[in-house]
Amino acid sequence: MHDSGSGPRLDRPSPVVLRLLPHVHPPPARVLVAGFGTGHEVQALHARGYDVVTVDAGTVPAGVSTLAADFATADFAGRFDLVCEHGGLDAAPDRGAWIAACARALRGGGQLFGSFAGGSTSALLHQLAPAFDVIRCQPGGFSDGRLEVVAVRR
């Protein structure tokens with residue numbers, strides 16, 4: 001199997017997440033990772049100087065906090081500068097509740113960034129519109145039509 005460097009792999013952080021870092025708040029911004037997954041994104045963000053908090057249980061690197069909370073219903077009180085999305089929205093039973101949780105997690109001007117399932121770009125923009133201004137939305141380089149997105153919390 002040929003690896004172009006743009007597709008998903010389980011042995012490293014998402015290339016999309018890494019590509020978007022120059023377009024979001026720099027370290028030491030406080031970033032919430034809504035799903036721990038394999039932990040590679042958490043480790044990569046932490047290694048780059050971000051103050052990382054995750055909602056998903058798992059073994060985390062020293063200096064990374066884990067919150068015991070249901071992401072969709074938690075009241076994060078705008079404590080974060082960034083929310084890193086890498087599959088949480090795809091797995092959410094209620095996309096509206098997941099996006100509302102992202103909005104509650106972010107301070108005004110905070111950014112939601114990451115890889116979003118393809119399909120209708122206009123549908124994604126419509127779902128984000130109540131709380132976010134999308135400042136970057138482009139194909140993510142995946143064959144499954146994922147989108148690279150950066151959105152700013154109003």
Seminar exercise, completed: Other residues with Cβ under 10 Å from the Cβ of V17 give, with Lys and Arg +1 and Asp and Glu -1, a net charge of -2
For this session: In vacuum, with every alpha carbon of the chain counted as one equal point scatterer, what does the Debye formula give for log10 I(q)/I(0) at q = 0.13, 0.14, 0.15 Å⁻¹? Two decimals, please.
Result: -0.53, -0.62, -0.72
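So what is the calculated 222 nm ellipticity per residue for the chain, using -39500 (n - 2.57) for each DSSP H run with n of 4 or more, over all residues, to the nearest 500 deg cm²/dmol?
Values: 5 runs with 37 residues, N = 154.
One gets -6000 deg cm²/dmol as the mean residue ellipticity at 222 nm.
Roll a 1.4 angstrom probe over the protein heavy atoms and tell me the percent of accessible area of the chain that is carbon or sulfur.
Numbers: 3990 of 7170 Å².
Carbon and sulfur atoms account for 56 percent of the accessible area of the chain.
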Problem set entry | Accessible surface, segment 30-110, averaged per residue in Å² (probe 1.4 Å) | 42 Å²
Exercise. Counting DSSP beta bridges with both partners in the chain, what percentage is antiparallel, nearest 5?
Worked result: 45 percent
Seminar exercise, completed: Under 15 Å by backbone N from the virtual spin label 7 Å along Cα-to-Cβ at L67, the residues of segment 18-34 are 30-34
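Sorted by accessible area with a 1.4 angstrom probe, largest first, how do L67, L45 fall?
So the residues, ranked largest to smallest area, are L67, L45.
The values are calculated or read from the model by the stated rules, or taken from the named source; none is laboratory data. Just so it is clear, the structure is predicted and the values come from calculations on it, not from any experiment. Methodologically, a virtual Cβ is constructed for each residue, glycine included, from the backbone with ideal geometry; neighbour enumeration extends over all protein chains shown. Keep in mind that these areas ignore ligands, DNA and RNA; they rest on the heavy atoms of the full protein, side chains included. Shrake-Rupley method; radii C 1.70, N 1.55, O 1.52, S 1.80 Å.
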